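All remarks here apply to the structure that follows.
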């Protein structure tokens, strides 16, 4: 009888496993990240700067493949870590400057959230905010999609997204929800205030309660040839619009 695979085999939410050069190197460079275990091929270990106190287990490619999900491109490196410490919303709202904030309304796909983190890093966003129960945990897939951004972009997980949006308004943020049915384009809704961009999950879009907690709804000016954009693409375009507003 075939042996069942352990659900701990590829890491857990409490002990995620990261893989691939960018994700692993970024985690090693992050002083806030606690390492638990390190596995590497001999070739990969030669070019990585592991901490002196890190116990590195040398393994071959096949062994590493069993530590991560099937066909995961580990590039000879697997890192088991503790999740990053919580970031609190008031820490983000209390910062000065005009950097945008990204709010994700039940975006649960780790590849999308990872790609959004990458765009947030590229456009110097203040951070991202998600509802704790409806967002993905840290994982190797998310970290790889983020290409190092998981380690540098603050991520605040909140219990109540509507209440979090109210706190953003109190802190002076203009909350713009992206919705394809909106009358005005994003460019038309951007003023000089600090911006919180609110994006919903693919398919469902923004929930009604989330939309009612936005100051305005706006759409991206895409052609009628396609119904909508992937949420990570929409986030990147919206961040660019905020960064280049006149």
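Kindly establish whether residue 239 is in contact with a strand residue (DSSP E or B) (Cβ under 9 Å, 6 or more places away or on another chain), buried (at least 20 other Cβ atoms within 10 Å of the Cβ), within 20 Å of residue 93 (Cβ to Cβ) and in contact (Cβ under 8 Å) with a residue 60 or more places away in the chain. Don't jump to the end; show me each part of the working.
Numbers: in contact with a strand residue (DSSP E or B) (Cβ under 9 Å, 6 or more places away or on another chain): yes; buried (at least 20 other Cβ atoms within 10 Å of the Cβ): yes; within 20 Å of residue 93 (Cβ to Cβ): yes; in contact (Cβ under 8 Å) with a residue 60 or more places away in the chain: yes.
Judged against the criteria, residue 239 is a match.
Can you tell me which of 125, 143 is assigned to a helix (DSSP H, G or I), in contact (Cβ under 8 Å) with a residue 40 or more places away in the chain and surrounded by 17 or more Cβ atoms within 10 Å (Cβ to Cβ)?
Exactly one residue qualifies, and that residue is 143.
If you scan region 83-107, which residues turn out to be in contact with a strand residue (DSSP E or B) (Cβ under 7 Å, 6 or more places away or on another chain), surrounded by fewer than 21 Cβ atoms within 10 Å (Cβ to Cβ) and more than 25 Å from residue 34 (Cβ to Cβ)?
98, 106
Return the only residue of 182, 218, 143 being closer than 16 Å to residue 104 by Cα and in contact with a strand residue (DSSP E or B) (Cβ under 8 Å, 6 or more places away or on another chain). I'd like the intermediate steps shown before the answer.
Values: 182 fails: closer than 16 Å to residue 104 by Cα; 143 fails: closer than 16 Å to residue 104 by Cα.
That would be 218, the only listed residue that is closer than 16 Å to residue 104 by Cα and in contact with a strand residue (DSSP E or B) (Cβ under 8 Å, 6 or more places away or on another chain).
Kindly indicate the residue of region 8-40 that is in contact with a helix residue (DSSP H, G or I) (Cβ under 6 Å, 6 or more places away or on another chain) and assigned to a loop (DSSP other than H, G, I, E, B) and also farthest from residue 154 (Cα to Cα) among those meeting that condition.
20
Just one of (1) without any contact (Cβ under 8 Å) to a residue 24 or more places away in the chain; (2) in contact with a helix residue (DSSP H, G or I) (Cβ under 7 Å, 6 or more places away or on another chain) trips up residue 172, so point out which.
(2)
Could you please give the count of residues in region 216-227 that are surrounded by 13 or more Cβ atoms within 10 Å (Cβ to Cβ) and either closer than 21 Å to residue 98 by Cβ or touching a helix residue (DSSP H, G or I) at 6+ places or on another chain (Cβ under 8 Å) (or both)?
So in region 216-227, the residues surrounded by 13 or more Cβ atoms within 10 Å (Cβ to Cβ) come out as 216-220, 222.
Subset that is either closer than 21 Å to residue 98 by Cβ or touching a helix residue (DSSP H, G or I) at 6+ places or on another chain (Cβ under 8 Å) (or both): 216-220.
Residues meeting the conditions: 5.
Take the residues in region 187-206 that are in contact with a strand residue (DSSP E or B) (Cβ under 6 Å, 6 or more places away or on another chain) and assigned to a strand (DSSP E or B), then tell me which one is farthest from residue 116 (Cα to Cα).
At the first step, the residues of region 187-206 found to be in contact with a strand residue (DSSP E or B) (Cβ under 6 Å, 6 or more places away or on another chain) are 189, 193-200, 206.
Then drop every residue that is not assigned to a strand (DSSP E or B), which leaves 194-200.
Numbers: 194: 19, 195: 16, 196: 14, 197: 12, 198: 12, 199: 11, 200: 12 Å.
Result: 194.
Just the residues that are more than 12 Å from residue 54 (Cβ to Cβ) and within 22 Å of the chain's Cα centre (by Cα), please, taken from region 30-44.
Quick first cut of region 30-44, residues more than 12 Å from residue 54 (Cβ to Cβ) only: 30-32, 41-44.
Within region 30-44, 30, 31, 32 meet the criteria.
Which one of these is under 20 Å from residue 137 (Cα atoms) and modelled with pLDDT of 90 or more: 72, 23, 13, 40?
Working: 72 fails: modelled with pLDDT of 90 or more; 13 fails: modelled with pLDDT of 90 or more; 40 fails: under 20 Å from residue 137 (Cα atoms).
None of the other options fit; the residue is 23.
Using the structure shown, decide if residue 135 is buried (at least 18 other Cβ atoms within 10 Å of the Cβ), assigned by TED's automatic domain parsing to the domain that holds residue 196, closer than 23 Å to residue 68 by Cα and over 10 Å from the mean Cα position of the chain (by Cα). Lay out the reasoning, then the answer.
On the way: buried (at least 18 other Cβ atoms within 10 Å of the Cβ): yes; assigned by TED's automatic domain parsing to the domain that holds residue 196: yes; closer than 23 Å to residue 68 by Cα: yes; over 10 Å from the mean Cα position of the chain (by Cα): no.
No, not satisfied.
Could you check region 193-215 and list, in sequence order, the residues that are more than 21 Å from residue 172 (Cβ to Cβ) and either surrounded by 14 or more Cβ atoms within 10 Å (Cβ to Cβ) or modelled with pLDDT under 90 (or both)?
Step one: of region 193-215, the residues more than 21 Å from residue 172 (Cβ to Cβ) are 200-209.
If the condition is that a residue be more than 21 Å from residue 172 (Cβ to Cβ) and either surrounded by 14 or more Cβ atoms within 10 Å (Cβ to Cβ) or modelled with pLDDT under 90 (or both), then 200, 201, 202, 203, 204, 205, 206, 207 are the ones that fit.
The values are calculated or read from the model by the stated rules, or taken from the named source; none is laboratory data. Bear in mind that the values here come from a model prediction, so they are computed numbers and not experimental data. Cβ sites come from the backbone with ideal geometry, for glycine too, and all protein chains shown count toward neighbours.
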